[in-house]
Amino acid sequence: KLFVAYNCLNTNFLSTIRDKLETEGRESVKKRIGFTHEYNLIFIGRILEAKQPQILINIYEYLINEIGNSICIHFVGDGDYLNQLKEIVKFKGIENNVKFYGAVHDDIKNGELLYCSDLMIMPGYVGLSVNHAFNFDCPVVTYQKKENGPFHSPEIEYLIDEKTGFIVETHSVEAMSIIISKYLDSKYIQYQMKLSIRYMIETTCSINNFL
């Protein structure tokens, strides 16, 4: 007999980590792990040019004109484009607002970073990072697939536009930045999206569906 098993993470284990972080409190966790900015955007994955991580730098430059200098970009991962990305940050003189963590394989550390971030920004293709972010109440933002990409993995089905994150139709820094700014400015949207993400993790994405 054959059946389809969708790609999945151990949501029970990750939710246990999230619940402990929630008990501690988000502001307390942010202080403990060194998050000093009001707003935090995160990228987790291989630092490859194809994933367009440099767009987060462009988004930062756009948003400081909208919400001031109270925003930080967090890059978690390693890859061929990492050194070039660091050079871009150094050239622009924004080291205080961009942090590099390298590859992190510790589930608790990754959980803390995601839990304390407002949004995961993945301009290029997305995969299991969607599930990972959702386990820690972190919505995901990416570009809509078009003829030239990004060519997302099947997990893109969990990313429902304006419910569990945002799929930006227009492939521009401005279009993505406007959506991010709107989300950061609305506690109502943040709360409703958290509810949708929790429901997605507890139902569709739950590892209990595959046991």
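The values are calculated or read from the model by the stated rules, or taken from the named source; none is laboratory data. A quick note: this is a predicted structure, and the numbers were derived from the prediction, not measured. All Cβ positions, glycine included, derive from the backbone under ideal geometry; neighbour counts span all protein chains shown. Quick note on the areas: whole protein, heavy atoms, side chains included, nothing else; ligands and nucleic acids left out. Shrake-Rupley method; radii C 1.70, N 1.55, O 1.52, S 1.80 Å.
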_What number do you get for the range 153-211 when its Cα radius of gyration is normalised by 2.2 N^0.38 Å, N = residues?_
1.30
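Determine the alpha carbon to alpha carbon distance for each of Lys99/Lys145; Lys30/Lys187; Lys92/Lys146; Lys163/Lys194 and list only those over 20 Å.
Numbers: Lys99/Lys145 28 Å; Lys30/Lys187 18 Å; Lys92/Lys146 31 Å; Lys163/Lys194 9 Å.
Checking Cα-Cα distances, Lys99/Lys145; Lys92/Lys146 exceed 20 Å.
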*Given a cut-off of under 8 Å on Cα pairs at least six residues apart, what relative contact order in percent is computed for the range 1-74?*
33
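As a test of understanding, state the convex hull volume per residue of the range 109-204 from its alpha carbons, in Å³.
87
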*What are the GluC sites (Glu not before Pro) within the range 153-211 that DSSP puts in a loop, where the Cβ has at most 16 other Cβ atoms within 10 Å?*
Glu162, Glu169
_Average accessible area per residue (Å²) across the chain - probe 1.4 Å, nucleic acids and ligands excluded_ = 52
*Could you please put Arg18, Arg46 in sequence from largest to smallest accessible area, using a 1.4 Å probe?*
Arg46, Arg18
_With a 1.4 Å probe and all protein chains left in place, how much of the accessible area of the chain comes from carbon and sulfur atoms, in whole percent?_
50
*Would you list Asp106, Asp118 from the most to the least accessible area, probe 1.4 Å?*
Asp106, Asp118
*Over the chain: helical MRE at 222 nm, DSSP H runs n ≥ 4 each giving -39500 (n - 2.57), nearest 500*: -13000 deg cm²/dmol
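Restrict the search to the range 1-106; then list the GluC sites (Glu not before Pro) that DSSP places in a loop and that have at most 15 other Cβ atoms within 10 Å of their Cβ.
Answer in residue order: Glu38.
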*the chain - Rg (one decimal) and Dmax (whole number), Cα, Å*: 16.5, 59
*Charge dipole (debye, nearest 20) of the range 128-179; +1 at Cβ of Lys and Arg, -1 at Cβ of Asp and Glu*: 80
*Distance between Cα centroids, the range 115-142 to the range 151-211: provide it in whole Å.*
8
*For the pair Asp185 and Ile67, how long in nm is the line joining their label points, each one 7 Å along Cα→Cβ?*
1.1
*Name the residues whose placed amide hydrogens come within less than 5 Å of the amide hydrogen of Ile160, ignoring near sequence neighbours (fewer than 5 apart) on the same chain.*
Gly165
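Out of the DSSP beta bridges found with both residues in the chain, what percent are antiparallel (nearest 5)?
The answer is about 5 percent antiparallel.
If you take the square roots of the eigenvalues of the alpha-carbon gyration tensor of the range 1-70 and sort them as a ≥ b ≥ c, do you get rounded (a/c under 1.5), prolate (a/b over b/c) or oblate?
oblate
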*Mind listing which chymotrypsin sites (Phe, Trp or Tyr not before Pro) in the range 123-174 are in a DSSP loop and have 13 or fewer other Cβ atoms within 10 Å?*
Phe151
